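Contents: one structure, followed by commentary.
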Amino acid sequence: MTKKITVRQPTPQPSTSTDDWVRGETAPNSPTRHHSPAGKLARLTIDLLVELHGRFKAACANHRTAMKDEVLRFIEEWTQKHGNK
């Protein structure tokens, strides 16, 4: 008895260049694509000491907030206080 094996080629996904990714322009169906009512998004990447990252993550979990939301809140408040007058 011979076994039949069916092989499907993967569906090609639209490629996104690194520059597009940095500008926040990802593939149309990408799960990382975000829309903001205020406009296009920019990505901010920072390096933290592992210990500080862990404390921040734990504090956010204790307050049931997302790390991203806390960072955004801080930046909003800081720029309102220290922005151009």
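What follows is calculated from the coordinates using simple rules that are stated; it is not laboratory data. Quick caveat, the model's predicted, so the values are computed rather than measured. Here the Cβ positions follow ideal geometry from the backbone for every residue, glycine too, while neighbour counts run over all protein chains shown.
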Simple label model, 7 Å out from Cα along Cβ direction - Lys4 to Val71, nm | 5.2
In order through the range 64-78: 3J(HN,Hα) via Karplus (6.51 cos²θ - 1.76 cosθ + 1.60), integer Hz, x for Gly, Pro = 6, 10, 7, 4, 4, 5, 5, 5, 4, 4, 4, 5, 4, 5, 5
Restricting to lysines and to Cα separations under 30 Å from Lys40, and discarding same-chain partners fewer than 8 apart, the set is Lys57, Lys68, Lys81, Lys85
